[in-house]
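Have a look at the structure below, then the notes.
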Amino acid sequence: MSVATEEIHDVRPDDNVGTLWKDYLAKIRGGDVGSLPAILGLLVLVVAFSILRPETFTKAFNFGNLIQQSAGVTIVAMGLVFVLLLGEIDLAAGYTAGVAAAVTSVLLTNHGWQTALAILAGLLTGTAIGAFHGLIVSRLGIPSFVVTLSTFLAFQGVLLTLIGEKGSINSGDFIAKLNSDTLPVWLGWVIGVALVAAYAVVTFVNNRRRRAKGLTSEPNLLWALKTGGLAVVIFLVVFYLSIERSPNAHIKSIKGVPISLVIIIGLALVLSVLLSRTRWGSHVYAVGGNMEAARRAGINVKAVQLSCFLMCSTVAAVGGLMLASYSGGVNNVTGGNQTLLYAVGAAVIGGTSLFGGKGRVVDALIGGTVVAVIQNGMGLMNQPDSRKYIVTGLVLLVAASVDAISRRRATASGRA
Amino acid sequence: MSSGEPLLELRGVQKTFGAVHVLRGVDLTVRPGRVTALVGDNGAGKSTLIKGIAGIYPFDEGEYTFEGRAVHVKSPRDANALGIEVVYQDLALCDNLDVVHNMYLGRELTKNGFVDEDAMESRARETLDGLSVRTLKSVRTRVASLSGGQRQTVAIARAVLWNSKLVILDEPTAALGVAQTEQVLKLVRRLADRGLGVVLISHNLNDVFEVADDIAVLYLGQMVAQVEAASTTRDRIVTAITTGELTRGDAA
């Protein structure tokens, strides 16, 4: 060992708002835009619809409805993030949701299974479908686009077979409540406060420990800004959802956080931890970033591929239950029509790259909200489906362009 | 040659791909604490030789001795277990991951089932500091935003992170500018100064003479000679590479 060294240090606890802002701008300019376009787009949409339809769009009733409308698509999108991270696609995710919901409904309604068992069977149906996709893609090397395009058609047939001649099947009371009932107002507040407190404490303790060890850490100011921002968003949402939103409150009162929102947030938390805190999650990003490098580093690339398809389809099955719940049962279009396109759109609009290696579960959440606001707002403006489709299609195209352009900038500035 | 016992000794290794006899009885000695440059024209068999050492294409015949013991290296895993790491020309880094995660690619440390970011970050930083790497601002930078020299540094640091004994570098300076080449060569030197055996493949004789202690010349699958860098000249090595003859004494 020779020369004394100047050690690597990037702990900067003395940052102020100015330097933080500068760092952030540099990151954006470098092409690392994350969810920013989606958040800005969301703000623009919300403001626009609030001005155009002040009497309906801003109503608490509509806000609660919007969450329940979009719950299924958003959850399918969260599952899709896993295959998109590998640079793969699952075009059958929508019908996977439909088939899984149909299995649960048939078992509940026609065979009188217990609710928990029927739900488990539905979820395992998703897992089995994911295993099927994953094995074909990883073992036979057939592009996922082709594999899932085929099963997209096949599962449509399976769905029709399952629901039988009547064209629809009831999902039972429990499923119906999942995406229509609300929590008591007080419980919504408890969960909201608990989430903010947990975030604040965990990140603060983490930062302090890392700073003590001389590792990279978030400046306290950034921590405070993030925690404050999160608190404002969560408390506003809970407050808004705690307002009486039933048009006939004397007959049936509707207030409180929808159960579906709790399911979405809980699922997003679990999936995010898996992706960002486990070895498996690191391997998913590695395979998505450079498959050959991952292989040479001893990562079992085929196992990672299989696991991501498993995850995608299992999560899609959860989404299917929410879809069935919203429409009161499973019919021939549950998980069909635009479900898949909206879900892929949600993930991509939120900032997940179609090229693999970049994306987060929360992207699907943000993107899903954008898609939901467009659908909901256009619906309130009495626009025909034709225009809704055109607008959503264009928004998806814009999102994909943002992805491609930021990628190019990232390559140029070396931040890919 | 000094520095005690050889770390790696190959005697009479042979390798055939179908009808092509690529290695025809090659001898190679690598000693700890020394940089052994492996030179030779395209097709001389350099890549096949290191792939044999790394267990990617095991040798057909010949003795393979590591730390004085005869060993059988039949897969990259065998080589890794002995403490042999290869830094490939195309680096094999993941652009979307940061320096820490690249250094631990496929071998992430865990604690209670979760990735132990703290331990990984401090050990990655220690390793880089230990190699006197001063060109990286943060170990949390994504590799995509690094220069060619910095990427090469990360790839080399990854190889030494695992208490490796022999590091094989395939053309580490091929794509680099002057200043970056200088940085990487210094790093190569430091590896040897830490007592590791280093095999450096290079086409650039300037680099070879700057950093190597020993030079091994391959010509059409045969080892022309392995000599100390100090005892020979550039011109003699060029002649050896092109003709397969190493002249002694007063060559131009």
query: Does a label point 7 Å from the Cα of A:Ser253, set along Cα-to-beta-carbon, have any residues of region A:227-242 with amide nitrogen under 14 Å, and which are they?
result: A:242
- prompt: By per-residue mean of other Cβ atoms within 10 Å, what is the highest-first order of A:364-371, B:34-41, A:58-65?
  reply: A:364-371, B:34-41, A:58-65
Averaged over A:65-78, number of beta-carbon atoms from partner chains that fall within 10 Å: 0
message: I'd like the orientation of helix A:220-241 relative to chain A: the angle between its Cα long axis and the longest Cα principal axis, in ° from 0 to 90, rounded to 10.
response: 10
- line: Calculated from DSSP helices alone, with each H run of at least 4 adding -39500 (n - 2.57) and the total divided by the residues of chain B, [θ]222 nm to the nearest 500 comes to -9500 deg cm²/dmol
- prompt: Between A:Asn382 and A:Ala198, what is the spin-label point distance in nm, taking each point 7 Å from the Cα along the Cα→C-beta axis?
  reply: 4.5
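Of B:Lys111/B:Lys186; A:Lys22/B:Lys137; A:Lys177/A:Lys255, which ones are farther than 25 Å apart at the Cα? Numbers along the way, then the final one.
On the way: B:Lys111/B:Lys186 35 Å; A:Lys22/B:Lys137 17 Å; A:Lys177/A:Lys255 14 Å.
Over 25 Å apart, Cα to Cα: B:Lys111/B:Lys186.
Using just the helices of chain A, give the 222 nm mean residue ellipticity in deg cm²/dmol: DSSP H runs with n ≥ 4 each add -39,500 (n - 2.57), and the total is spread over all residues, rounded to 500.
Values: 16 runs with 295 residues, N = 416.
After summing the helix terms and dividing by the residues of chain A, the value is -24000 deg cm²/dmol.
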message: Can you return the aspartates and glutamates within cross-link range of A:Lys226? Criterion is Cα-Cα under 19 Å, with same-chain partners fewer than 8 residues away left out.
response: A:Asp14, A:Asp15, A:Asp23, A:Asp32, A:Glu218, A:Asp363
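Determine, from the Cβ-Cβ distance of B:Glu5 and B:Asn204 and an R0 of 41 Å, the FRET efficiency 1/(1 + (r/R0)^6), rounded to the nearest 0.05. Write out the running numbers ahead of the final one.
Working: r = 30 Å, r/R0 = 0.73.
Efficiency computed from Cβ-Cβ geometry: 0.85.
What length, rounded to one decimal in nm, is gained on full extension from A:Leu36 through to A:Ile51, with 0.36 nm per residue of separation minus their alpha-carbon distance?
Values: separation 15, 0.36 × 15 = 5.40 nm, distance 2.27 nm.
Using 0.36 nm per residue and subtracting the Cα-Cα distance, I get 3.1 nm.
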query: Where the centroid of each part is defined by its Cα atoms, how far is region A:99-131 from region A:239-318 in Å?
result: 20
Coordinate range along principal axes, alpha carbons of region B:1-64, Å, largest first: 40, 24, 18
task: Using only C-alpha atoms and all pairs of different ones, pull out the Kirkwood radius for the protein assembly as shown in Å with one decimal.
output: 28.2
- request: Calculate the mean, over all residues of peptide B:77-90, of how many other protein chain Cβ atoms lie within 10 angstrom of the residue's Cβ.
  value: 1
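Region A:214-306: which trypsin sites (Lys or Arg not before Pro) are DSSP loop and have at most 14 other beta-carbon atoms within 10 angstrom?
Details: sites: A:Lys226, A:Arg245, A:Lys252, A:Lys255, A:Arg277, A:Arg279, A:Arg295, A:Arg296, A:Lys302; in loops: A:Arg245, A:Lys252, A:Lys255.
Answer by residue number: A:Lys252.
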- prompt: How far is helix A:279-289 tilted off the main Cα axis of chain A, in degrees rounded to 10, range 0 to 90?
  reply: 80
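Looking only at GluC sites (Glu not before Pro) in DSSP loops with at most 11 other Cβ atoms within 10 Å, what is the longest site-free stretch of chain A?
On the way: sites that count: A:Glu6, A:Glu55, A:Glu165.
Formally, the longest exposed-site-free interval is A:166-416.
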query: Using alpha carbon coordinates only, what is the Rg to Rh ratio of chain B, with Rh defined as the Kirkwood radius?
result: 0.98
message: What distance in nm lies between label points placed 7 Å from Cα along the C-beta direction at A:Val270 and B:Leu109?
response: 3.0
Reachable lysines, given that their alpha-carbon falls under 24 Å from the alpha-carbon of B:Lys74 and they are not under 8 places away in the same chain: A:Lys302, B:Lys15, B:Lys46, B:Lys51, B:Lys165
- prompt: What average count of beta carbons from other chains do you get within 10 Å of the Cβ of residues in A:212-218?
  reply: 4
message: Helix A:115-135 against the longest principal axis of chain A: what's the angle in degrees, Cα atoms only, rounded to the nearest 10?
response: 60
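Which order, highest average first, do A:339-347, A:194-202, B:136-144 follow once you tally other Cβ atoms within 10 Å for each residue and take the mean per peptide? Display every interim value, and only then the final one.
Working: A:339-347: 26.9, A:194-202: 13.6, B:136-144: 19.6.
Descending packing order for the listed peptides: A:339-347, B:136-144, A:194-202.
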message: With the crude spin-label approximation of a point 7 Å out along Cα→Cβ, what separation in nm comes out for B:Gln14 versus B:Thr233?
response: 3.9
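Report the extension gain between A:Arg29 and A:Ser180 in nm, rounded to one decimal, defined as 0.36 nm multiplied by the number of residues separating them, less their alpha carbon distance.
My answer for the length gained is 50.1 nm.
All of the numbers you see were taken from the coordinates with simple rules; none came from a lab. Keep in mind that this is a model prediction, so the values were computed, not measured. All Cβ positions, glycine included, derive from the backbone under ideal geometry; neighbour counts span all protein chains shown.
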